[in-house]
Amino acid sequence: MKLSAKTEYACIAMLELARRYERGEPVRIRDIADEHGIPSRFLVQILLQLKGAGYVASTRGAAGGYQLIKAPAKISLGEVMNVIEGKENGHSAASNAKSPTARVLSGIWRDITAREQEMLRAINFADLAEKTKQTAAQMYYI
């Protein structure tokens, strides 16, 4: 699976918002950008796209930032990826295939894409936030 930087950054931002969801406070773009080395101007554009899709809300002012509109358990990784990349883009290189060999491969690509989308829809941001918490607890510093 190939991911664009934009999709990767969108998922990172959503995961950071999911991790802080229970606090009920907006998260500043600068905090996410600095922690993950994401250009803040690029992150603004990504969050505006997610806002337009109804996943995040913004608050202006000194205490402003972004926060999730829905609970993290109700937002799947696949949904966010589809917002950024476009609706479930499948493999279509051989979609107009005429030969039996090309048609077989085309069918396989469709099956793989369908399975991939199924898996991405099964992963929600609450699960990812919990995994992040567990991973952070296992880290130690010297």
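Under 5 Å between amide hydrogens, built in the peptide plane, is the criterion, and for Asn124 it picks out Leu77 among residues at least 5 positions away or on other chains.
Modelled spin labels at Thr101 and Asp127, positioned 7 Å past Cα toward Cβ, are 3.9 nm from each other.
The listed peptides 41-51, 111-121, ordered by packing as a protection proxy, come out as 41-51, 111-121 (highest mean of other Cβ atoms within 10 Å first).
Taken about its Cα centre, segment 5-138 carries a charge dipole of roughly 300 debye when the Cβ of each Lys and Arg holds +1 and the Cβ of each Asp and Glu holds -1. The packing ranking of peptides 31-40, 4-13, highest mean first, is 4-13, 31-40, where packing means the average number of other beta carbon atoms within 10 angstrom of each residue. Taking a straight Cα-Cα cut-off under 21 Å and skipping sequence neighbours fewer than 8 places away in the same chain, the lysines within cross-link reach of Lys51 are Lys6, Lys70, Lys74, Lys87. As a length-normalised measure over Cα pairs under 8 Å and 6 or more apart, the relative contact order of the chain settles at 27 percent. Taking the Cα atoms only, what angle lies between the long axis of helix 100-122 and the longest principal axis of the chain, rounded to 10 degrees? For helix 100-122, the angle is close to 20 degrees.
Each value in this text was obtained by applying a stated rule to the coordinates, not by laboratory testing. In this text, all values refer to a predicted model and were calculated from it rather than measured experimentally. Positions of Cβ are generated from backbone atoms using ideal geometry, with glycine treated the same way; all protein chains shown enter the neighbour counts.
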